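See below for the structure under consideration.
The values are calculated or read from the model by the stated rules, or taken from the named source; none is laboratory data. Note that this is a predicted model, so its numbers are computed, not measured. Methodologically, a virtual Cβ is constructed for each residue, glycine included, from the backbone with ideal geometry; neighbour enumeration extends over all protein chains shown.
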Amino acid sequence: MYRVAVIKGDGIGIEVTEAAIEVINAVTDRIEFIEFEGGFEVFKRYGAPIREEDLEEIKKMDAVLFGATSTPFDVPNYKSLIITLRKELNLYANLRIIPDLWNEREIYIVRENSEGLYSGLYDVEKEKVVDYRIITRKGAERIARFAINLAKEKREKVTFVHKANVLMGDKFFRKVVLSLAEREGVEVREKIVDSFTIELVRNPWNQEIILTENLFGDILSDLAAIHARSIGIVPSGNYGDDIALFEPIHGTAPDIAGKGIANPIGSILSGAMLLDYLNLNGQIIWEAVKSYVRKGNLTPDLGGTAMTKDVVEGIIEEIEYRI
Ligand code: ATP
Ligand code: MG
């Protein structure tokens, strides 16, 4: 049995996570889900977005399934739960898979998730503020290895996106990536980040495995997500050495929360990524989802009239027919 922590969060985070669990349970009975509370409500009671003892429990699990939590930006000292978890669980690799569910193609974006401009190191003086953009050999190597392993698995090349013509950190990062890729026999295509944005808009589907540092990855992965047709269908994984956390990329969507119409596919596909991580059959979920969207009724974000539960039922039927 695998033990998977579940944090549903707020708003549609709750609805879509429950949907994903139903679908996962239709594929395998080898996962025990253990629910934890986290987010702003917990912060109001305990002064932290997750209880210390819960965090220690979660660290012992095999993986985490996460919904979405609201992060009020006007509350002093509030630290977002997902940022806390990324740090505490040392989840340094972020992988977004942006699917074109109707045409069997995907964009993979691997974002370094622990250093760069989000190092948290800065100097504030009266007339000058400096944010430190940290690139370490260790950080560069582990993310390069992650992208290269993925490229090997998918029989793809790596598209390394950087600004090494200007930034010293990227010059260093580039050396690490190119030398590891050469040792591993993986081909690397290099792109300068500014001109790459145009390519990602015009010609998104032949970009192989995109690898980039933290800030560029933050921006490019949001940009790339527009090609999915709805933010509600894009899954992601955050990986460390001992544990990984899976979540749809969307937020709590307060405008549709509680109406039963949230698109659960992003969370369901995050569940597929979780199964792959545990060496279970995630592929069956991908196939079931693709098959369902071609013929089934879709949620309003994709122009249909379906409720969340209809989509879940339809996808589970597709799974049962394949088992
Ligand atoms: P948060 O503050 O939690 O990030 P948000 O207001 O930024 O919330 P998002 O969840 O990022 O909202 O959603 C942005 C828009 O996309 C909203 O209009 C929302 O209704 C829509 N949306 C997001 N996720 C889904 C989904 N799974 N199904 C349908 N629509 C969605
Ligand atoms: Mg948001």
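At-a-glance table
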{"item": "Flag for D218 being within 11 Å of ligand 1 (Cβ to nearest atom), among the acidic types (D, E) and surrounded by fewer than 23 Cβ atoms within 10 Å (Cβ to Cβ)", "result": "no"}
{"item": "Residue check, I226 within 16 Å of ligand 2 (Cβ to nearest atom), free of Cβ contacts under 8 Å to residues at least 24 places away in the same chain and not small (G, A, S)", "result": "yes"}
{"item": "Residue pairs meeting the criteria (Cβ under 6 Å; at least 6 apart or on separate chains; first acidic (D, E), in the range 143-169; second buried (at least 18 other Cβ atoms within 10 Å of the Cβ) and modelled with pLDDT of 95 or more)", "result": "E156/I209"}
{"item": "Unique match (being assigned to a loop (DSSP other than H, G, I, E, B) and of a type outside the set (D, E, K, R)) among A272, A253, A288", "result": "A253"}
{"item": "Any hit, the range 242-260, residues being within 13 Å of ligand 2 (Cβ to nearest atom), under 10 Å from the mean Cα position of the chain (by Cα) and of a type in the set (D, E)", "result": "yes"}
{"item": "Leading residue by the ranking (farthest from ligand 1 (Cβ to nearest atom)) among those in the range 233-249 that are farther than 19 Å from M61 by Cα and crowded, with 24+ Cβ neighbours inside 10 Å", "result": "P235"}
{"item": "Set G120, G47, G67: member being small (G, A, S) and over 22 Å from the mean Cα position of the chain (by Cα)", "result": "G47"}
{"item": "Residue match in the range 246-263 (condition: out of contact with any strand residue (DSSP E or B) (no Cβ under 8 Å at 6 or more places or on another chain) and within 19 Å of I107 (Cβ to Cβ))", "result": "yes"}
{"item": "Pairs where the first residue, in the range 183-203, is among the acidic types (D, E) and the second is in a strand (DSSP E or B), C-beta under 9 Å, 6+ apart", "result": "E187/V158; E190/T159; E190/F160; E190/V161; E190/H162; E199/K191"}
{"item": "Scope the range 268-309; condition surrounded by fewer than 19 Cβ atoms within 10 Å (Cβ to Cβ), of a type outside the set (G, A, S) and within 19 Å of S230 (Cα to Cα); matching residues", "result": "E287, K290, R294, K295, N297, P300, D301, L302, T305, M307, K309"}
{"item": "Selection count, the range 80-124, where residues are surrounded by fewer than 22 Cβ atoms within 10 Å (Cβ to Cβ), of a type in the set (A, V, I, L, M, F, W, C), more than 29 Å from I284 (Cβ to Cβ) and in contact (Cβ under 8 Å) with a residue 24 or more places away in the chain", "result": "1"}
{"item": "Of all residues in the range 291-323 being outside any loop (DSSP other than H, G, I, E, B) and of a type in the set (S, T, Y), the one that is nearest to I12 (Cα to Cα)", "result": "T308"}
{"item": "Among the candidates A262, A225, A253, residue that is of a type in the set (A, V, I, L, M), at pLDDT below 95, within 11 Å of ligand 1 (Cβ to nearest atom) and crowded, with 20+ Cβ neighbours inside 10 Å", "result": "A225"}
{"item": "Of residues in the range 231-241 being within 14 Å of ligand 2 (Cβ to nearest atom) and not aliphatic (A, V, I, L, M), the one nearest to the chain's Cα centre (by Cα)", "result": "S236"}
{"item": "Selection within the range 144-173 - over 22 Å from W205 (Cα atoms) and touching a strand residue (DSSP E or B) at 6+ places or on another chain (Cβ under 6 Å)", "result": "D170"}
{"item": "Matching option when the condition is more than 27 Å from I315 (Cβ to Cβ) and within 21 Å of the chain's Cα centre (by Cα), among E125, E115", "result": "E115"}
{"item": "Members of the range 261-271 found to be within 16 Å of ligand 2 (Cβ to nearest atom) and among the hydrophobic types (A, V, I, L, M, F, W, C), listed by number", "result": "A262"}
{"item": "Count of the range 264-309 residues which are charged (D, E, K, R) and in contact with a Gly (Cβ under 9 Å, 6 or more places away or on another chain)", "result": "4"}
